[in-house]
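The structure appears right after this line, and notes come after that.
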Amino acid sequence: MTNALSGPNALLYGTALASAGLQAMRLLLLSGMALGSFAVPSISSADEGPAAGSSTSPSKVQEPISPLPKSIQLDESKVQLGKRLFADSRLSSGNGLSCASCHQLALGMTDGRPISGGLPGYPGITNSLTILNVGFNTLFSWSGQTLSLEQQADKVIESKHTMGGSWENVIATLSGDSTVVAEFNRNFPDGLTRKNIVDSLVAYETSLYTPNAPFDRYLRGETGAISENAKKGYQIFKDYGCISCHQGINVGGNMMQVFGIFGSPPSITKGAETAGAAHGSGIANDKPVFRVPPLRNVAKTAPYFHDGSAKSLSEAISLMATYQLGREISEDDVSKIESFLKSLSGDPPTASVD
């Protein structure tokens with residue numbers, strides 16, 4: 001089943017597969033601009049139960065949001081090795097930073113700051129994105145230029161705005177740690193290599209998924225899993241057109257979007273220097289273009305937007321209605337959408353770094 005949105009609120013849409021590349025994303029976005037209507041595809045999981053319909057109780061109608069799987073298959077030994085590396089500041093080659101510096105469980109695997117700190121001379125330029133459920137994204141980082149989790153894990157090590165490390169230095173330093181070397185030899189036939197460090201980090205990051213969210217239980221047919229306000233909020237979320245960008249298994253994280261379709265938010269210029277966000281995008285060179293963030297666990301990841309300018313979830317909802325949808329939104333509708341978004345928070349990951 002599809003839900004159609006038409007008129008001035010029709011939004012850009014394109015599911016960018018890992019093999020598509022930036023040019024394909026441009027074509028998808030540009031074709032979306034030209035459409036007079038918008039069709040949201042049905043997304044389902046083969047082993048999931050009935051999905052929620054447009055009413056306040058589940059039906060057999062498939063929804064544009066699908067539940068996370070109840071479990072995923074992981075190599076626990078590699079997960080534990082990746083967890084150890086995730087908290088290891090040696091990956092930043094003496095800069096005193098680890099992956100966990102910007103991704104903390106108590107803060108929804110973000111750092112809770114409007115803009116991540118960065119390094120001396122290379123300050124952070126965007127808000128730290130959560131990595132909860134990151135294994136279900138098809139695009140990574142605010143710029144959306146990275147098309148796999150492996151690429152993302154690899155490049156943040158040397159990025160001057162994140163870790164500022166050197167792969168040569170990282171390998172040399174870890175090679176002097178007999179315990180780490182033994183762990184790599186146990187997990188990989190070729191032992192400690194750049195690729196195997198990345199693979200270990202990816203194994204750990206993939207384990208950071210949050211199943212059993214109330215909304216997922218509702219999608220599977222548990223009518224009492226979410227409140228009446230949350231049910232109404234989900235319908236309002238669809239009626240306003242939020243679902244056009246925030247859909248799929250991660251409720252986002254799979255497409256690019258202009259920031260400020262209907263006017264310019266006060267913070268529009270911040271983060272515009274992010275590679276791929278605006279300059280040379282071929283989409284909207286006068287406004288930044290960012291990857292649409294996923295909304296699972298969004299109630300735990302304040303502040304919001306690429307620059308952390310929205311301090312609360314209600315503020316973010318109101319600003320999105322104004323600048324992305326061109327709609328006025330009542331406080332009551334904001335409250336109901338917020339109730340729905342809170343129902344997207346699942347169980348905390350068991351392998352996370354505290």
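The values are calculated or read from the model by the stated rules, or taken from the named source; none is laboratory data. The model shown is predicted, which means the values in this text are computed figures rather than measured ones. Don't worry about glycine lacking a Cβ; one is built from the backbone with ideal geometry, like all the others, and counts go over all protein chains shown.
Tabulated data
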read-out: Residue satisfying condition, being free of Cβ contacts under 8 Å to residues at least 12 places away in the same chain, more than 15 Å from the chain's Cα centre (by Cα) and in the same structural domain as VAL202 (by TED's automatic domain parsing), within set LYS155, LYS160, LYS83; value: LYS155
read-out: Boolean, ILE131 is surrounded by fewer than 20 Cβ atoms within 10 Å (Cβ to Cβ) and part of a loop (DSSP other than H, G, I, E, B); value: no
read-out: Flag if THR274 is surrounded by 20 or more Cβ atoms within 10 Å (Cβ to Cβ), at pLDDT 95 or above and β-branched (Val, Ile, Thr); value: no
read-out: Residues satisfying the stated conditions in the range 60-85, i.e. part of a loop (DSSP other than H, G, I, E, B) and of a type in the set (D, E, K, R); value: LYS60, GLU63, LYS70, ASP75
read-out: Filter result (in contact (Cβ under 8 Å) with a residue 40 or more places away in the chain and crowded, with 21+ Cβ neighbours inside 10 Å) within the range 118-128; value: THR126, ASN127
